[in-house]
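To start, the structure under review is shown below, and the notes come after it.
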């Protein structure tokens, strides 16, 4: 479900060991988890169906740090306007479709954009508000608890570009495509979260 190879390569580049797996036994042994994703919400949830009990145990009960990227972040919410299935419901949030003036803004939102860091998150150690990150998405997360919002981005209007609630982290942008700043995000997740 997404750029797993790119994420693995970036982790390797910064000297961090990782494996790509959908095996329950690998998830049970993991110290940290990354849930990437590209595609549609319902397909993402269907792909996780057999893993959801294990993921809930690891993330909700055992508090294993997890980073959701793009669709992976959206799957952590309660639901999405893109689909009919329920999300993982780890974050009190919904996923909404961009409703923009298409004469001014293209959907999907694709390309480089800035973040405004809202709440202190260990993901953003050594990251400033003038750092650009790479986005590709037509849907965005609306957090019902503003304390969960780690950063926002403006594309026609302000939207949540990352969140953190306890051990649960999500980025709408793609750190694996965001060069040195994305590398710093992944390094921070592995070392500081």
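The values are calculated or read from the model by the stated rules, or taken from the named source; none is laboratory data. Owing to the predicted nature of the structure, the values given are computational and were not obtained by experimental measurement. Counting neighbours? That spans all protein chains shown, and the Cβs are built from the backbone with ideal geometry, glycine included.
Residue 177 passes every criterion in (1) within 21 Å of residue 17 (Cα to Cα); (2) surrounded by fewer than 22 Cβ atoms within 10 Å (Cβ to Cβ); (3) modelled with pLDDT of 95 or more apart from (3). Scanning region 62-86 for residues that are under 21 Å from residue 21 (Cα atoms) and without any contact (Cβ under 8 Å) to a residue 60 or more places away in the chain turns up 62, 75.
Meeting the requirement of 1 or more residues that are farther than 18 Å from residue 35 by Cα, the strands (runs of 3 or more DSSP E) wholly within region 110-193 are 132-137, 139-143, 149-154, 158-165. Residues of region 21-57 that are under 26 Å from residue 192 (Cβ atoms), in contact with a helix residue (DSSP H, G or I) (Cβ under 6 Å, 6 or more places away or on another chain) and assigned to a helix (DSSP H, G or I): 27, 54.
Only one of the listed residues (94, 82) is more than 14 Å from the chain's Cα centre (by Cα), surrounded by 15 or more Cβ atoms within 10 Å (Cβ to Cβ) and at pLDDT 95 or above. That residue is 82.
Say whether the condition of being on the phi < 0 side of the Ramachandran plot and either part of a helix (DSSP H, G or I) or buried (at least 20 other Cβ atoms within 10 Å of the Cβ) (or both) is met by at least one residue in region 97-107.
no
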